[in-house]
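Here is the structure we will look at.
The values are calculated or read from the model by the stated rules, or taken from the named source; none is laboratory data. Worth saying up front: this structure is predicted, and the values here are computed from it rather than measured. Methodologically, a virtual Cβ is constructed for each residue, glycine included, from the backbone with ideal geometry; neighbour enumeration extends over all protein chains shown.
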């Protein structure tokens with residue numbers, strides 16, 4: 001067994017590998033860029049080596065620097081995690097040539113499956129069901145349109161070396177095929193250094209279901225059940241679960257056996273995943289094989305009780321798999337939500353910056369621990385006060401739960417999301433909460449088009465349901481009342497001017513455009529509990545108990561005898577006197593006032609935000625890749641104005657109306673802040 005391994009990655013996956021290595025008594029080496037010098041994975045590892053500047057192409061993607069770090073530290077093996085060099089056949093081969101074990105498949109397996117065009121040919125030869133399409137690389141957008149028309153729309157345009165939603169577009173007509181081909185090639189060239197693109201038929205109403213594999217050097221390959229990954233946005237997974245609520249045992253067995261056939265055909269060792277698109281009649285077709293550990297591997301670990309990272313390390317060290325196919329378990333139901341640094345209310349634009357507060361829910365199961373299951377686990381690479389840089393992907397953490405069945409897992413996940421505190425950057429937690437509450441998700445009636453269908457106009461506050469919105473008003477009033485009680489107990493107050501505790505309040509729900517709602521609320525003490533009150537809102541009584549500190553953002557307690565977790569904090573970015581309340585994804589800003597103060601508040605005029613319609617503003621922090629207009633140019637609505645790159649994704653800004661460019665206010669290569677003006681129209 002190895003005594004020291006190097007993790008050629010960053011973030012949560014680097015931390016994940018370190019935990020299992022430590023459990024196995026193996027020392028670890030972290031590598032880091034200049035942007036990651038204080039990152040969590042650097043602090044966790046036994047040693048750390050700086051490998052260059054922040055951009056990944058100058059650090060994490062340089063095989064020579066990784067190998068040099070291995071030699072410098074005496075690391076006998078490399079775990080590549082996922083992304084970066086994890087599916088780079090040349091890197092795997094170089095490690096082998098240098099006498100460094102690659103904790104992953106052999107280079108020839110990576111090469112065979114890493115090319116999406118060749119992998120489909122190999123899959124077909126191995127007896128795996130394949131989707132219709134043209135598997136030869138396409139050179140021009142005109143040729144892409146020609147092929148797409150011959151296959152029949154809709155089609156999927158995919159970069160041969162793509163992954164993680166990069167270099168992938170769905171086209172429904174000639175224009176989308178032409179533009180999608182160009183965008184795919186650009187993204188693929190920038191992200192993977194390989195701009196080959198191919199086209200295949202897009203299966204309508206598909207489900208994305210993948211089979212987890214593990215193989216050893218003795219020819220043994222097992223399938224570890226499946227994962228349902230159909231809840232996706234822009235082809236990136238949002239919620240994953242295991243098992244799938246859709247497929248039958250017969251389909252599971254057939255998919256698993258075909259995945260094993262493919263793995264054996266390429267002499268596969270280590271962990272890997274075969275992805276399938278599954279039709280509503282449970283017909284399934286090979287999509288691709290990921291020759292690495294997947295982001296969503298924890299849900300498989302939960303239902304099987306296996307540590308996949310440990311199995312990868314043992315296989316790389318030459319050990320045989322410790323179990324057979326009939327010993328693979330499938331216990332309970334696991335779900336994973338990807339917690340990303342993005343603003344769902346602004347079109348899911350990336351959100352970078354400092355994590356002013358990062359407080360995940362309490363964990364009851366942990367990475368590398370296969371004994372304590374049926375609980376909550378958080379995989380993350382960040383810490384409170386850490387930075388979310390623009391150079392890498394947007395993931396902050398992965399929230400994993402394990403329940404006795406699917407409904408139990410959903411309930412656990414909703415409560416865990418309620419207790420996940422993130423401040424300083426925006427996160428997609430409200431969106432995750434809305435998805436989990438959607439009736440069709442709860443019933444298991446969804447496919448990969450679920451988000452596009454139900455949130456076609458984007459995500460707005462109204463998309464977050466709450467079965468009892470008045471509870472949020474009651475909770476805000478409770479916290480306000482308790483702060484008044486604490487203030488009233490301070491000694492030395494001047495007679496006649498002491499803080500008093502009232503029973504009658506008005507909660508003002510603040511509308512973004514000044515459309516406030518005024519709700520009378522009555523509060524009585526709740527006998528027998530100091531941290532409680534009986535709050536009446538619209539005729540309904542809420543008996544609320546909570547032992548949480550008043551200055552704690554996350555509150556735990558009971559309402560009418562049922563447990564709850566919610567977030568309440570004083571002050572909002574626009575109003576220091578307001579309270580922000582969040583529960584089950586719903587977020588409201590309120591002010592809790594005396595009835596007389598509320599009367600006066602209703603008379604105050606609303607001051608609207610300044611009109612910025614003549615400017616094109618940067619919707620996110622990022623790098624200005626291109627400005628497509630010049631002063632004096634006439635621009636039509638829908639015409640490209642600028643391109644911003646953030647978190648490895650290109651974001652194109654278009655003109656929303658016809659106009660003439662007055663000034664270009666930012667230059668190519670400039671780092672932009674949120675709402676920074678790029679172009680001004682006259």
* Structure fact -> Filtering region 376-409 for residues that are assigned to a loop (DSSP other than H, G, I, E, B), more than 26 Å from residue 674 (Cβ to Cβ) and touching a strand residue (DSSP E or B) at 6+ places or on another chain (Cβ under 6 Å) leaves a count of 1
* Asked: Can you name the residue in region 446-479 that is modelled with pLDDT under 90 and in contact with a strand residue (DSSP E or B) (Cβ under 6 Å, 6 or more places away or on another chain) and, of all such residues, is surrounded by the most Cβ atoms within 10 Å (Cβ to Cβ)?
  -> 464
* Select from region 172-222 the residues that are more than 28 Å from the chain's Cα centre (by Cα) and in a loop (DSSP other than H, G, I, E, B) and write down the one among them that is surrounded by the most Cβ atoms within 10 Å (Cβ to Cβ). => 216
* Asked: Taking region 433-464 on its own, how many of its residues are more than 20 Å from residue 409 (Cβ to Cβ), over 18 Å from the mean Cα position of the chain (by Cα) and part of a helix (DSSP H, G or I)?
  -> 5
* To do: Would you mention how many residues in region 503-537 are surrounded by 11 or more Cβ atoms within 10 Å (Cβ to Cβ), assigned to a loop (DSSP other than H, G, I, E, B) and touching a residue at least 24 places away in the same chain (Cβ under 8 Å)?
  => 4
* To do: Quick one: in region 629-655, of everything that is under 23 Å from residue 166 (Cα atoms) and over 27 Å from the mean Cα position of the chain (by Cα), which residue is surrounded by the fewest Cβ atoms within 10 Å (Cβ to Cβ)?
  => 640
* May I ask you to list the residues in region 276-297 that are touching a residue at least 60 places away in the same chain (Cβ under 8 Å) and surrounded by fewer than 18 Cβ atoms within 10 Å (Cβ to Cβ)? => 279, 280, 283
* Taking the residues in region 223-236 that are assigned to a strand (DSSP E or B) and at pLDDT below 95 as candidates, determine which candidate is surrounded by the most Cβ atoms within 10 Å (Cβ to Cβ). => 233
* Asked: Hey, residue 608 hits all of (1) part of a loop (DSSP other than H, G, I, E, B); (2) over 34 Å from the mean Cα position of the chain (by Cα) but one; which does it fall short on?
  -> (2)
* In the set 353, 318, 368, which member is at positive phi, in contact with a strand residue (DSSP E or B) (Cβ under 8 Å, 6 or more places away or on another chain) and surrounded by fewer than 23 Cβ atoms within 10 Å (Cβ to Cβ)? -> 353
* Structure fact -> Checked pairs for region 417-428, first in the same structural domain as residue 361 (by TED's automatic domain parsing) and modelled with pLDDT of 95 or more, second in a loop (DSSP other than H, G, I, E, B) and surrounded by fewer than 23 Cβ atoms within 10 Å (Cβ to Cβ), C-beta under 6 Å and 6 or more apart or across chains, list as 419/361; 420/360; 420/361; 421/553
* Asked: Could you count how many residues in region 35-92 are touching a strand residue (DSSP E or B) at 6+ places or on another chain (Cβ under 6 Å) and in a helix (DSSP H, G or I)?
  -> 6
* Options 508, 581, 537: the member that is under 26 Å from residue 604 (Cα atoms), modelled with pLDDT of 95 or more and within 30 Å of the chain's Cα centre (by Cα) -> 581
* Asked: Taking region 590-627 on its own, how many of its residues are closer than 22 Å to residue 347 by Cα and surrounded by 12 or more Cβ atoms within 10 Å (Cβ to Cβ)?
  -> 14
